[in-house]
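The values are calculated or read from the model by the stated rules, or taken from the named source; none is laboratory data. All figures in this text were calculated on a predicted structure; none of them were measured in a lab. Using ideal geometry, Cβ is built from the backbone for each residue, glycine included, and neighbour counts are taken over all protein chains shown.
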Amino acid sequence: MRVGTGTDVAGTDMAGAGTAGVASADVSADVASAGSRPKPRLHPGAVRVLRDRYGIDVAGRRPRQLDALAGHRFDYVITLCDRVREVCPEFAGRPRRLHWSIPDPAATGGDDARAARDAFDRTAAEIDTRVRYLLPILVHAPSQEVQS
């Protein structure tokens, strides 16, 4: 299974890494993530939560532009923000599209470090829950359209 995630929020890299991190022996997942307006580097909050809560090291990864995925084939494309849902390009092979409207944890605003940390923890937990729900559906009903 090939999964692409797209968003303009810090969640795209959490979704990509999280999907790859929970894939089991029953589901082999090649995961790619990109955004329509990616930042120059991963948000430190996303790097921290993936490392501390899930043991996934993404510190060396760099955000990518959606255009970098042109020509790739995916079974599923998952968008995480409404803006990217509108501009996400078509991919070869007509992948199934899912949209998970997840708030941008980096938009917490202010200088409240605890609030920012909590926002990233909530976002990671939300993505983890959705990915864990999605994977068994893909294993047991790969030919059915997935609704979310």
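Residues in region 86-118 that are surrounded by 11 or more Cβ atoms within 10 Å (Cβ to Cβ), touching a helix residue (DSSP H, G or I) at 6+ places or on another chain (Cβ under 9 Å), in contact (Cβ under 8 Å) with a residue 12 or more places away in the chain and not in a loop (DSSP other than H, G, I, E, B): 8 in all.
Only one of the listed residues (THR19, THR12, THR7) is buried (at least 20 other Cβ atoms within 10 Å of the Cβ), within 21 Å of PRO136 (Cβ to Cβ) and at pLDDT below 90. That residue is THR19.
Sort out which residues of region 36-62 are farther than 17 Å from GLU126 by Cβ and either hydroxyl-bearing (Ser, Thr, Tyr) or assigned to a helix (DSSP H, G or I) (or both), and write them in order of number.
Scanning region 36-62 gives SER36, PRO44, VAL47, ARG51.
Of all positions in region 114-123, none carries a residue that is modelled with pLDDT under 90 and of a type in the set (Val, Ile, Thr).
The residues of region 69-85 that are more than 12 Å from GLY35 (Cα to Cα) and in a loop (DSSP other than H, G, I, E, B), listed by number, are ALA70, GLY71, HIS72, PHE74, ASP75.
Against the numbered list (1) over 13 Å from the mean Cα position of the chain (by Cα); (2) of a type in the set (Gly, Ala, Ser); (3) modelled with pLDDT of 85 or more, SER143 comes up short only at (3).
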